[in-house]
Amino acid sequence: MIILGKTKTLFFPNTDKTERLAIDVVATLTDNVLIPLHEEFLQQVLPNNGKVFVPSYFTVPEEHQYKLWELEESHEYSPSVPTSRKYFLKREVLDVSLYEVITLQANFETEKRAIETKLRNPISYKEKPLPHVVFTSKDGYVIGPVKLKHIFDEAYTLVEDNYVEVYKMDVEQITIQNRKFAITDITEGNFVGFIDVADDERAVRDSLKILKEQYDFGDLSRKVIARLSEIYTDKSGEIGERLIRAQQIIQSKTFSEEAENFFRSQLLDLPYVQQVIAEQTDEALEKLLIEFKEKYSKLLNEIEKVEQELEEKNQELIQTEEVLEQKHTLLHSVEESFSAKLTQLEKEFADAYVEYFLRQGINIQKPITQNQYSQQITEISPACVKVVAKNQHLATLKETHEIFHTNRKLLHIRDRYETLHKTVLGAILFRNPLIIAGPQSFELAQFIGHTYSANKFFSVVPEVNKFSFATLEHIAPCTEDKLSSVHLHNLHYTQGEFALKSYVELMKWSDRATQLLILTFDNVQDAINCIHPLGCTPLLYAEDYLNYMILPSKFKKLHFSQIDLTEVEELELTDCSTFNTEFEAWFEGKFGYQFEQSFALDNWLSIIASDLDGSNNKELEHVYKLFEHYISRLKRDEES
């Protein structure tokens, strides 16, 4: 069943969907004819209550309007239930033409001009009309279909602003609430012509376009009316009627000065008119230019003189800028030379400084008495040194590892992938410093010293002007089977920063050197700058290993341990080629370039990544962070 119904909104507060669509049925469609459905027959046509069930998936439109709908019988209909509805809304019908009919109280054949005038002006309508509207005359003509657009209040106007079709046909229509509707097929066989609904501006504009086609760049003046009369006699149908209308408009308005100026303005884009205007403009400009030069010759001469002076100043400025650029380049070259020379002097000074002081304790040319050792030890104030000297038995690697985990859990230290434990072993094995940077790096170093070297662990906060590496070998002399460790905090505040590289190199080959040197820094950048000469050395970030701030009282509960140095020195380097391959591929994919992997980095990875396969990106990122300062420096060195 197809019905004509008007949409409306039902409100259901305090529900998930507060607004629902409803349909007021006003007519049915039978054999393409609308049949009004009065209220007393609603329950007969739409049992049980004269209403249609609307499923919730239908949305409420912004504006309510009459539309055609298709209904379908409900399988859940129950005649015994008063609220049960026999039909439910299936869809909106769009393939049947529904028109709103507006009746014109005029005869098309005798009052065509009056109908045209009415359609050009606003049309009063209390409700918003349907999208498609037709006008009917008293003598059986249909004008349209057309669309109406809202102007203001109850005023509407035609969207079409040119010609509208006219048909001679009968339309069966029904009236519902003072509005008329019709279902009809408008065919070409009923077509009789057009009606002109263009406003005056559109009519005149189109007529002028025809005039341009008729004239060979002639002059339009007061002969327009006569010329229009000649043209429209050769034109038939609607065009001829429009020309007649244009003539009438011109006759009624053109003879005034305003109308004449209007038509002249329409002719400004004719080629002939444009040519005349261009010629007269050029002549006027040339005349004005001559008069201007004669009247202001003195001023023009002064302007020319100022322009010449300005050009000379600009040339001087350009030359000055070139000289400044040359001076700047020279200054930059001098600064680079000075910087290079300063670096060279610092290196020479550091080498000489280290050689001088190390001679006093390491490369001895003559015996040094015990008193001389004591004097050298006192160069570091006791207030700056903390000594841990327990009497623990030598622990195996396995025992040390167990104590490491016990102490780590006590202090809430995390060791992801065991890089902390492995880095300590690598530092002992390669005799490289153990570098830790960041807040609480000092506490992390204390944890390492107590765990691996409780029998001989020395913590030094070096004095700025008095610290010397030469005293360390006397503070912590080593034996073959015992690990001695020295913890230096913020070395970069002392002159020892310049001697660090030389001391580390000598430490590797001297029997009296410290086996484990732990360097801690409060600031990460200070650490990177200080260890730059050391090359490939891991940099541990304290923040990566600490969950909480370490309280000093916690250290009283630590388990002390002294690792067996001989077991560490007997460690074998494992093959890490699989991890290296994955690491290089991950690095190139992340940063877009390759770096040349050194033997030193290979050795470190064989310790740190001994049980990693590189299949986890987090593993690769964690290992990369340890050597980021070294790898990024390789990139800068290649670019320079």
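The values are calculated or read from the model by the stated rules, or taken from the named source; none is laboratory data. Keep in mind that what you see is a predicted model, and the values were worked out from it rather than measured. Because the Cβ atoms are built from the backbone with ideal geometry, glycine has one as well, and the counts that use them run over all protein chains shown. Side chains included, ligands, DNA and RNA excluded: accessible areas come from the protein's heavy atoms. Shrake-Rupley method; radii C 1.70, N 1.55, O 1.52, S 1.80 Å.
Remarks
- Taking the listed residues 144, 189, the one that is at pLDDT below 90, outside any loop (DSSP other than H, G, I, E, B) and surrounded by 14 or more Cβ atoms within 10 Å (Cβ to Cβ) is 144, with no other qualifying.
- When residues in the stretch 10-32 are screened for being more than 50 Å from the chain's Cα centre (by Cα) and among the hydroxyl-bearing types (Ser, Thr, Tyr), 2 of them pass.
- Residue match in the stretch 409-427 (condition: open to solvent by 60 Å² or more (accessible area, probe 1.4 Å), over 22 Å from residue 607 (Cα atoms) and over 47 Å from the mean Cα position of the chain (by Cα)): no
- Residue check, residue 560 surrounded by 14 or more Cβ atoms within 10 Å (Cβ to Cβ), in contact with a His (Cβ under 8 Å, 6 or more places away or on another chain), at pLDDT below 85 and within 27 Å of residue 396 (Cβ to Cβ): no
- Lone qualifier among 39, 70, 62 - being within 27 Å of residue 129 (Cα to Cα) and within 46 Å of the chain's Cα centre (by Cα): 62
- When residues of the stretch 114-141 are limited to those that are open to solvent by 30 Å² or more (accessible area, probe 1.4 Å) and of a type in the set (D, E, K, R), the one nearest to the chain's Cα centre (by Cα): 128
- Within the stretch 25-44, the residues that satisfy the criterion of being surrounded by fewer than 17 Cβ atoms within 10 Å (Cβ to Cβ) and within 15 Å of residue 66 (Cα to Cα) are 35, 36.
- Any hit, the stretch 3-20, residues being open to solvent by less than 60 Å² (accessible area, probe 1.4 Å), of a type outside the set (Gly, Ala, Ser), in contact (Cβ under 8 Å) with a residue 40 or more places away in the chain and not in a strand (DSSP E or B): no
- Residue-level check: of (1) open to solvent by 20 Å² or more (accessible area, probe 1.4 Å); (2) under 30 Å from residue 497 (Cβ atoms), residue 531 misses just (1).
- Among residues of the stretch 452-468 that are under 18 Å from residue 428 (Cβ atoms) and in the same structural domain as residue 420 (by the TED database), those with a beta-carbon under 6 Å from a residue that is assigned to a loop (DSSP other than H, G, I, E, B) and open to solvent by 10 Å² or more (accessible area, probe 1.4 Å) at least six positions away or on a different chain give the pairs 454/390; 454/392; 454/560; 455/390; 455/392.
- Taken over the stretch 3-53, the criterion of being β-branched (Val, Ile, Thr) and out of contact with any Phe, Trp or Tyr (no Cβ under 7 Å at 6 or more places or on another chain) is satisfied by 7, 9, 15, 25, 26, 28, 30, 33, 35, 45.
- Filtered residue count, the stretch 113-141, keeping only those that are outside any loop (DSSP other than H, G, I, E, B) and within 25 Å of residue 238 (Cα to Cα): 14
- When 547, 523, 603 are checked against the criterion of being polar (S, T, N, Q), under 37 Å from the mean Cα position of the chain (by Cα) and either surrounded by 14 or more Cβ atoms within 10 Å (Cβ to Cβ) or at pLDDT 90 or above (or both), 523 stands alone in meeting it.
- In the set (1) surrounded by 12 or more Cβ atoms within 10 Å (Cβ to Cβ); (2) out of contact with any helix residue (DSSP H, G or I) (no Cβ under 7 Å at 6 or more places or on another chain); (3) not in a loop (DSSP other than H, G, I, E, B), residue 171 fails one condition alone, (3).
- Restricting the stretch 64-103 to residues that are assigned to a loop (DSSP other than H, G, I, E, B) and closer than 20 Å to residue 180 by Cβ, the residue that is most open to solvent (accessible area, probe 1.4 Å) is 64.
- The set of residues in the stretch 21-40 that are among the polar types (S, T, N, Q), part of a strand (DSSP E or B) and touching a strand residue (DSSP E or B) at 6+ places or on another chain (Cβ under 7 Å) contains only 28.
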